[in-house]
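Q: Provided herewith is a single structure, encoded as structure tokens, for subsequent inquiry.
The values are calculated or read from the model by the stated rules, or taken from the named source; none is laboratory data. If you're wondering where the values come from, they're calculated on a predicted model, not measured in any experiment. Every residue, glycine among them, receives a Cβ derived from its backbone with ideal geometry; neighbour counts consider all protein chains shown. To get the accessible areas, we keep the full protein, side chains included, count just its heavy atoms, and leave off ligands, DNA and RNA. Shrake-Rupley method; radii C 1.70, N 1.55, O 1.52, S 1.80 Å.
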Amino acid sequence: IGSWLNEGDTATWTSLMSTLLNSKVDLLRSMDLAQQSMRSERRRDQLDQVMSDIRAGEGLADSLEKARALTPTGYNLIRSGERTGKLPEMMRSVARLYDETARTRMKRMMALIEPLAILIIGGVIGMIILGVILAITSVNEIVV
């Protein structure tokens, strides 16, 4: 579940970063604004470290890689965006990648939860029916 939440958080963060950068907001201000959308305190701390590394002169991809904030594919996409000047488009690609991964993980979880929920509901209904049958048979025993 933790990985799923992290992927969702990262998808939201990269999507906001893409939108902000596309609107010509500078990188550090974009990171600060997008960071506020993160639910995880640990992820916010990672991004604080990334922001301080960027202020020190490192690139975004290198800072994110140092903080282990993304996957290798994400680092490569962002590095490519930095070099080509198309960082907003690459951030959007990273957002789609993480969003798709989070959706796939959610589908897998639901595929596991559905049979379990059916078994639990079936067990509860079975216990109710068993209780009713036992009550009916015990009433018959008292009368006789």
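Q: I want to confirm something. Restricting to segment 48-84 and keeping residues that are of a type in the set (G, A, S) and over 19 Å from the mean Cα position of the chain (by Cα), which single residue is most open to solvent (accessible area, probe 1.4 Å)?
A: Pass one, segment 48-84, residues of a type in the set (G, A, S): 52, 56-57, 59, 61, 63, 67, 69, 74, 80-81.
From what is left, the residues that are over 19 Å from the mean Cα position of the chain (by Cα) are 52, 56-57, 59, 61, 63, 80-81.
On the way: S52: 50, A56: 86, G57: 65, G59: 26, A61: 1, S63: 0, S80: 48, G81: 1 Å².
So, considering only residues that are of a type in the set (G, A, S) and over 19 Å from the mean Cα position of the chain (by Cα), the one most open to solvent (accessible area, probe 1.4 Å) is A56.
Q: May I ask you to verify whether M106 is surrounded by fewer than 18 Cβ atoms within 10 Å (Cβ to Cβ) and under 18 Å from S15 (Cβ atoms)? Walk me through how you get there before you give the answer.
A: Values: surrounded by fewer than 18 Cβ atoms within 10 Å (Cβ to Cβ): yes; under 18 Å from S15 (Cβ atoms): yes.
Here the answer is yes, as M106 does meet what is asked.
Q: May I ask you to list the residues in segment 10-32 that are open to solvent by 60 Å² or more (accessible area, probe 1.4 Å) and of a type outside the set (K, R)? Break it down stepwise before answering.
A: First pass over segment 10-32, keeping only residues open to solvent by 60 Å² or more (accessible area, probe 1.4 Å): 16, 19, 22-24, 26, 29.
Result: L16, T19, N22, S23, D26.
Q: From E100, E114, grab the single residue that is loosely packed, with under 11 Cβ neighbours inside 10 Å, closer than 30 Å to A11 by Cα, acidic (D, E) and at pLDDT 85 or above. Working first, answer last.
A: Working: E100 fails: loosely packed, with under 11 Cβ neighbours inside 10 Å.
Just one listed residue meets the conditions, E114.
Q: May I pose another question? Taking the condition within 16 Å of N6 (Cα to Cα), under 21 Å from the mean Cα position of the chain (by Cα) and surrounded by fewer than 17 Cβ atoms within 10 Å (Cβ to Cβ), does Q36 pass?
A: Details: within 16 Å of N6 (Cα to Cα): yes; under 21 Å from the mean Cα position of the chain (by Cα): yes; surrounded by fewer than 17 Cβ atoms within 10 Å (Cβ to Cβ): yes.
Spelling it out, Q36 is indeed within 16 Å of N6 (Cα to Cα), under 21 Å from the mean Cα position of the chain (by Cα) and surrounded by fewer than 17 Cβ atoms within 10 Å (Cβ to Cβ).
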